[in-house]
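Please treat every number below as a calculation from the coordinates, not as lab data. Since the structure is predicted, the reported quantities are computational estimates derived from the model, not experimental observations. Reconstructed Cβ throughout: ideal geometry from the backbone, glycine too, with neighbour counts over all protein chains shown.
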Amino acid sequence: MRPRALEDELRAVMRVDGRPWGMLSLFRARGRRSFDNDDTALLGRLSGPLAQRLRSYAQPPSPSTAGSTTGPGLLVFDPDATLVSINTTARRLLAEMPAGAAVPACATRTVESPRRRW
């Protein structure tokens, strides 16, 4: 660190449900104040939400579904966004979505409503 004029470092592992999803290292330049307990506490409060966001970007297909989809998942909604029909593939795909999966705001009602109703 010293050759780059860095004096202090603060590290955090970002975890969700005890599993690491990322790591962060912050550095302070020589002559700046060292990281203190307030900095450590702030990073501690932010590490969970940051980990959840990182996890939302990493959604590999589960081994049980990779290449095994027999057709599209189909959800049919009425004009009031009430689910009126769902096929077996859609049920399976929704059930296999990871906890906390990121859903675009415009699709939140579409994805979350059927999950609660079946």
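What's the ranking of 9-18, 80-89 by average number of surrounding C-beta atoms within 10 Å, highest first?
Working: 9-18: 13.9, 80-89: 12.2.
Final packing ranking: 9-18, 80-89.
In nanometres, what is the gap between the two model label sites at ALA29 and LEU46, each 7 Å from Cα along Cα-to-Cβ?
Once both label points are built, they end up 1.9 nm from each other.
Above 19 Å lies some portion of the pair distances; for the stretch 2-57, what is it as a whole percent of all C-alpha pairs?
On the way: 574 of 1540 pairs.
Summing the P(r) of the stretch 2-57 above 19 Å gives 37 percent of all pairs.
Over the stretch 2-57, calculate the relative contact order: mean separation of alpha carbon pairs under 8 Å at least 6 apart, over the residue count, as a percent. Please list the in-between numbers first.
On the way: 71 pairs, mean separation 21.7, N = 56.
In percent, rounded to a whole number, it is 39.
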